[in-house]
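*Asks:* Have a look at the structure that comes next, please.
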Amino acid sequence: MSAFSPAGLLALSGALLSIGLFGILTRRNFILLLISIEIAINAAVLNFVYFAAFAGATGGLTGQAIAVVVIGLAATEVAVGLAIVLALNRLRGSINVAEAATLKF
Amino acid sequence: MILEELAFLAIAVVAVVTALLALLTRELVHTIIWIALFFVDLSALYFLLQAPFLGVLQLGVYAGAVTILLLFGVMVTRKRIFSREAATGIGPGPIVLAGLTLTFLALGSEELPQNGVVVHAYDPTLLSQTLFNADGPWLLLLGLVMLSALAGAIYLVREGRE
């Protein structure tokens, strides 16, 4: 049993979300883009875990159950993202997202 | 009590520093190492928040599988694995946007309860009951999504595409 201040916990996930957003907006390498998305998703999962902890076992463990589902979805997303990386590398010879502009108008 | 606060502070600092280093370092392989440290650090936070099942899941899925997948992606797409990234300029836009997000979150934090919230340990049986009884369809849906993602990934990388 231990006590935590909610503001500190939420500040951590807010900071991680900002870092992920920063990476998504500035990086041009597809793998770095995937990593930024993972950081942002982890910030969201942290929030679910906090509020499940605040509600306690009597308040239900729905937050932790959702966190389990989100972690699985994020792992799936990385697998599909890497398939896109491989296809992009074969088609363009580079994984720079700025060069994959065929659909851009 | 004070010990947990200190542990949380240390974990939070390590998480922010490793996430930033992962995005700012120029070597992609170093990025993978920092992001693995970030995932291990978050699993320590889950253990601290009395969510041991999620901590183990984070270690297995993120620090294990996702890190290896990302490393595999780096190895396949590079001629030399330790080649450096080209520098990308950081315009003022992203920094302003990240700053605005942080300000917005800081403003909202005044609404939160200011005193500490007590976190109790729980019986892991309860989590499995939540997962498999009430939210059973969610796990089934997750399995279906994973299956279709597998099919999609195979479609994307199959031979014979232009």
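*Asks:* How large is the direction-averaged shadow of the alpha-carbon convex hull of the protein assembly as shown, in nm²?
*Replies:* 15.6
*Asks:* Take peptide B:30-43, look around each residue's Cβ out to 10 angstrom, count Cβ atoms belonging to other protein chains, and average those counts.
*Replies:* Shielding by partners across B:30-43 averages 2.
*Asks:* Here's another thing I want to ask about it. With each label point set 7 Å from Cα along the Cα-Cβ vector, what nm distance links residue B:121 and residue B:65?
*Replies:* In this crude label model, residue B:121 to residue B:65 measures out at 2.9 nm.
*Asks:* Additional query: Stretched out fully, how many nm does the piece from residue B:155 to residue B:4 gain, at 0.36 nm a residue minus the Cα gap?
*Replies:* Net length gain for the segment: 49.6 nm.
*Asks:* How crowded by other chains is A:20-27, given as the mean number of beta carbons from other chains within 10 Å of each beta carbon?
*Replies:* 6
*Asks:* Sticking with this one: Ratio of Rg to Rh for the stretch B:1-83, alpha carbon only, Kirkwood?
*Replies:* 1.07
*Asks:* What's the average, rounded to a whole number, of partner chain beta-carbon atoms within 10 Å of each residue's beta-carbon in A:90-103?
*Replies:* 1
*Asks:* Here's something else I'd like to know. Find the eigenvalues of the gyration tensor of the Cα atoms of chain A, then list the square roots of 5 times those eigenvalues as equivalent ellipsoid semi-axes, largest first, in whole angstrom.
*Replies:* Calculated on Cα positions only, the semi-axes equal 35, 16, 8 Å.
*Asks:* Separate question: Work out how much length residue B:100 to residue B:140 would gain on full extension: take 0.36 nm times their residue separation and subtract the Cα-Cα distance, in nm to one decimal.
*Replies:* Value of the extension gain: 10.5 nm.
The numbers here are math on the coordinates, done by the rules we state, and not lab data. Note that this is a predicted model, so its numbers are computed, not measured. Methodologically, a virtual Cβ is constructed for each residue, glycine included, from the backbone with ideal geometry; neighbour enumeration extends over all protein chains shown.
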